[in-house]
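Read through the structure below, which is laid out as structure tokens, and then see the notes.
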Amino acid sequence: MTSLRPSDLAREHGLSAQAVRNYERDGFLPPAERTDSGYRLYTEVHAAALRAFLALVPAYGHATGGRIMRALHGGALDDALTLIDRGHGGLLRDRETLEAVRDALDRLTAERAGPTEAREATRPGTHRTWTVGELARHLGVTPATLRKWEEAGVLAPARDPATGYRVFRADDVRDAELAHLLRRGGHPLDHIATVVRRIRTAGGADALAASLGDWQRKLTARGVAMLHAATHVSHYLTLLDLPTPPSHTSVPSPAGPQHA
């Protein structure tokens with residue numbers, strides 16, 4: 001098998017030779033053999049490992065990509081596959097969150113289309129504050145429900161410095177209306193809290209609506225990166241001597257079952 005130097009592996013990816021040595025040190029590459037003088041000798045197996053790790057990073061992140069490679073090098077194939085499964089599960093949850101945000105924003109916009117006094121009072125920039133009882137009546141829920149949403153991180157009202165009572169401003173009312181829509185759609189509170197945090201981080205519903213396209217593109221890029229990583233990891237697995245369970249799946253003949 002052809003011997004490769006760290007610089008040979010590094011050159012393909014625009015890395016430094018030290019970066020390759022660091023990846024080996026961290027377990028992302030299998031240990032290299034050494035010459036009598038101490039120089040590392042890499043092989044095509046190491047080159048495939050490096051390709052697999054670098055493909056995993058944009059798909060699952062540097063830390064998880066490293067854990068996957070270390071699991072493979074430790075012979076823990078199922079542990080590596082579990083990490084990959086979790087990554088796919090996280091991407092699916094993000095896609096579901098994106099669709100929930102789109103749906104909720106569309107419905108919230110539609111419900112606010114009419115110029116009623118209540119809707120005018122909840123527009124961003126409005127200075128009116130709401131008590132927990134007023135907001136509960138506005139939504140048709142109980143004050144206890146709003147307090148439960150606050151405990152789950154969905155709402156974050158301020159407190160009146162004089163009384164200590166909760167006060168809800170326009171952004172809080174927007175979050176509560178969005179939560180109400182999502183709850184009616186059957187979404188759990190932890191999911192709703194994620195959606196609301198997205199809106200707060202974006203700077204409001206309008207800003208979030210404008211960023212949905214970018215959010216979608218990032219999810220698509222992650223999905224494509226996962227496919228790309230799967231190709232490299234699958235190839236790398238063929239080079240490793242890992243025990244794998246036998247396949248019991250039979251593929252039917254295109255011509256259908258054959259009878260004697």
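The values are calculated or read from the model by the stated rules, or taken from the named source; none is laboratory data. Since we're looking at a predicted model, the values are computed, not measured. Backbone-built Cβ (ideal geometry, glycine too); neighbour counts: all protein chains shown.
It is to be established whether one or more residues within segment 159-167 are among the polar types (S, T, N, Q), in the same structural domain as Asp94 (by TED's automatic domain parsing) and over 26 Å from Glu99 (Cβ atoms). Checking segment 159-167: at least one residue is among the polar types (S, T, N, Q), in the same structural domain as Asp94 (by TED's automatic domain parsing) and over 26 Å from Glu99 (Cβ atoms).
When Leu83, Leu50 are checked against the criterion of being assigned to a helix (DSSP H, G or I) and touching a residue at least 40 places away in the same chain (Cβ under 8 Å), Leu50 stands alone in meeting it. If Arg11 satisfies every condition in (1) surrounded by fewer than 16 Cβ atoms within 10 Å (Cβ to Cβ); (2) not assigned by TED's automatic domain parsing to the domain that holds His228 but one, which is the exception? Just one mismatch for Arg11, condition (2). Assess whether Pro115 counts as being assigned by TED's automatic domain parsing to the domain that holds Thr131 and either assigned to a helix (DSSP H, G or I) or at pLDDT below 95 (or both). Here the answer is yes, as Pro115 does meet what is asked.
Look at (1) of a type in the set (Ser, Thr, Tyr); (2) over 23 Å from the mean Cα position of the chain (by Cα); (3) closer than 14 Å to His232 by Cβ and you find that Ser37 fails only one, number (3). Regarding segment 34-47, can at least one residue be identified that is closer than 20 Å to Gly87 by Cβ, assigned by TED's automatic domain parsing to the domain that holds Leu227 and buried (at least 19 other Cβ atoms within 10 Å of the Cβ)? No, segment 34-47 contains no residue that is closer than 20 Å to Gly87 by Cβ, assigned by TED's automatic domain parsing to the domain that holds Leu227 and buried (at least 19 other Cβ atoms within 10 Å of the Cβ).
I'd like to know if segment 195-215 contains one or more residues that are modelled with pLDDT under 90, touching a Pro at 6+ places or on another chain (Cβ under 7 Å) and not assigned by TED's automatic domain parsing to the domain that holds Ala48. Looking through segment 195-215, at least one residue is modelled with pLDDT under 90, touching a Pro at 6+ places or on another chain (Cβ under 7 Å) and not assigned by TED's automatic domain parsing to the domain that holds Ala48.
Screening segment 143-156 for residues that are touching a helix residue (DSSP H, G or I) at 6+ places or on another chain (Cβ under 6 Å) and not in a helix (DSSP H, G or I) and picking the one that is farthest from Thr201 (Cα to Cα) gives Ala152. For segment 28-47, filtering for residues that are farther than 15 Å from Ala17 by Cα and part of a helix (DSSP H, G or I) leaves 2.
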